[in-house]
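See below for the structure under consideration.
The values are calculated or read from the model by the stated rules, or taken from the named source; none is laboratory data. Bear in mind the structure is a predicted one, so any value in this text is a computation, not a measurement. Note: ideal-geometry Cβ built from the backbone for every residue, glycine included; neighbour counts use all protein chains shown.
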């Protein structure tokens, strides 16, 4: 009696393997290729698009979204989401504006003007507190991340409105009684011709990349985002990691709020509206999986530049703001679709 081996599989040909590698290269490098296409198209449509001066200006705009996206990347790698970063940005800016206006000491009858470095430290601490609230709600009270951060979004926006009574803090860069406050340093100053905001973004991106690739915390983050139950059984402090990533997201949002307020030399309670969506889009375009456990700092930075350069390019060629929203949304949908294809292929291939 003969036995036929039905488990034999037809070997993959070199041509099929080459095609698979090309598809994988396009999927993994999509943010880079998209950025090259955007630069090429808008440079053709507007000769002034990719001049050195305009490049640095666009990069300073990207810095705000990029800083937000770094914090968002950490949360998404952990398998969560933080919808409160836009409101945290606005509230942090208002907190900085409040401090820059001076703190009245009624018992002494004097107004105390804290130095700029103290304003920066206190504002970042404020962002950390908001992030910690998100982390505790998600890690210990087991509130779904979407619901918890959505609630904090409304709370933070409401506090900003109450703090300012719906008004805007103006002239933060200088006042007659104090002269130049130095608050505009983040938004306007340059070092070796490079905007300080871009340098801050680069420094945060480098730190984030090193933490993710060369520290135990980075390994814990990827492990807990990929399979939280397995990570917990392996001894990973899952709850502690979850709180830390939300705290870092809050700090990044506060830094972005400081940069934006410094660029505008003003702070309003509605600043940062919908910025959380842009941050999520940058992370997704950069190749991170919304289910957690997959993503890189490099990809997220490329995603932020794709969105920033696309938006500025549409403005430069005079496209309506309504169409700008349509184009940005289409790019996000395409990125999510490519994510599904990329990670679907990985799952099938084991």
message = For the stretch 316-326, give me each residue that is surrounded by 14 or more Cβ atoms within 10 Å (Cβ to Cβ), modelled with pLDDT of 80 or more and in a helix (DSSP H, G or I).
response = 316
remark   = Residues in the stretch 189-206 that are surrounded by fewer than 17 Cβ atoms within 10 Å (Cβ to Cβ) and either farther than 20 Å from residue 65 by Cβ or out of contact with any strand residue (DSSP E or B) (no Cβ under 7 Å at 6 or more places or on another chain) (or both) total 9
Given (1) modelled with pLDDT of 90 or more; (2) under 13 Å from the mean Cα position of the chain (by Cα), index of the condition residue 286 fails = (1)
message = Quick check on the stretch 116-129. Is at least one of its residues part of a loop (DSSP other than H, G, I, E, B) and either modelled with pLDDT under 95 or over 22 Å from the mean Cα position of the chain (by Cα) (or both)?
response = no
query = If you go through the stretch 140-166, how many residues are exposed (fewer than 13 other Cβ atoms within 10 Å of the Cβ), touching a residue at least 24 places away in the same chain (Cβ under 8 Å) and either out of contact with any helix residue (DSSP H, G or I) (no Cβ under 9 Å at 6 or more places or on another chain) or within 14 Å of residue 86 (Cα to Cα) (or both)?
reply = 2
query = Can we say residue 253 is assigned to a helix (DSSP H, G or I), buried (at least 19 other Cβ atoms within 10 Å of the Cβ) and out of contact with any strand residue (DSSP E or B) (no Cβ under 7 Å at 6 or more places or on another chain)?
reply = yes
Failed criterion for residue 65 (all others in (1) over 19 Å from residue 309 (Cβ atoms); (2) surrounded by 15 or more Cβ atoms within 10 Å (Cβ to Cβ) hold) = (1)
query = So, in the stretch 207-220, of the ones that are touching a residue at least 24 places away in the same chain (Cβ under 8 Å) and closer than 25 Å to residue 305 by Cα, which residue ends up surrounded by the most Cβ atoms within 10 Å (Cβ to Cβ)?
reply = 208
ask   = Taking residue 60, is it under 17 Å from residue 184 (Cα atoms) and either under 22 Å from the mean Cα position of the chain (by Cα) or not in a helix (DSSP H, G or I) (or both)?
value = yes
query = Has the stretch 252-272 got at least one residue that is more than 22 Å from residue 196 (Cα to Cα) and within 17 Å of the chain's Cα centre (by Cα)?
reply = no
inquiry  = Against the condition assigned to a helix (DSSP H, G or I) and more than 27 Å from residue 95 (Cα to Cα), how does residue 263 come out, does it pass?
reply    = no
ask   = Taking the stated definitions as given, is residue 289 surrounded by 15 or more Cβ atoms within 10 Å (Cβ to Cβ) and closer than 30 Å to residue 169 by Cβ?
value = no
inquiry  = Take the residues in the stretch 38-53 that are part of a helix (DSSP H, G or I) and touching a residue at least 24 places away in the same chain (Cβ under 8 Å); name whichever of them is surrounded by the fewest Cβ atoms within 10 Å (Cβ to Cβ).
reply    = 45
